[in-house]
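Visitor: Quick one: the structure is below, and I'll ask about it shortly.
The values are calculated or read from the model by the stated rules, or taken from the named source; none is laboratory data. Remember, predicted model here, so these are calculated numbers, not experimental data. Note that each Cβ is placed from the backbone with ideal geometry, even for glycine, and that neighbours are counted across all protein chains shown.
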Amino acid sequence: MWTGIRFFAGDEIKYCTQFDSETEAGVIVPQSFGETFAVDRAILLGGQALAKGYAKSRHNGLPYFWKEQDDDFEDKMEALIGGILGASKIRFAVNMGDRVEFTDRGATVIDTVVPIFGRSL
């Protein structure tokens, strides 16, 4: 089962035209691709693309914990599994002299024309 990002003939591909704007433009995948070719989208993440932080739990001093407790007058056992962490996309504020510009150098998108396997060329 295919779980990637794929565009077929006649589909619209959305993209941003400028690095400092979320305004989208679109382009149509050519009908000449037919059922033989498609456009696959890959998201390439660099070393500075994602930051992940962990905190200590009050239960054991670690980011992940397991806690058990009797409940219902000691008739049933409850278990709690938890984690204290977070993840975020990294952006850097770079001083450009006359302004501060937020950069996003950790990720890029690559669209590639690929043959659809199982279909005759």
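Visitor: Quick check on my filter: what residues within the stretch 63-121 are free of Cβ contacts under 8 Å to residues at least 12 places away in the same chain, outside any strand (DSSP E or B) and either among the hydroxyl-bearing types (Ser, Thr, Tyr) or farther than 30 Å from Leu50 by Cα (or both)?
Guide: Asp72, Phe73, Glu74, Asp75, Phe117, Gly118
Visitor: Name the residues in the stretch 81-116 that are under 30 Å from Ser32 (Cβ atoms) and acidic (Asp, Glu), would you?
Guide: Hit for the stretch 81-116 is Asp111, nothing else.
Visitor: Further question: Filter the stretch 1-25 for residues that are assigned to a strand (DSSP E or B) and hydrophobic (A, V, I, L, M, F, W, C); which is farthest from Thr103 (Cα to Cα)?
Guide: In this case the residue turns out to be Phe7.
Visitor: OK, next. I'd like to know if the stretch 100-113 contains one or more residues that are within 26 Å of the chain's Cα centre (by Cα), exposed (fewer than 10 other Cβ atoms within 10 Å of the Cβ) and of a type in the set (Ser, Thr, Tyr).
Guide: yes
Visitor: If you take the residues in the stretch 50-99 that are surrounded by 11 or more Cβ atoms within 10 Å (Cβ to Cβ) and charged (D, E, K, R), which one is modelled with the highest pLDDT?
Guide: The residue in question is Lys56.
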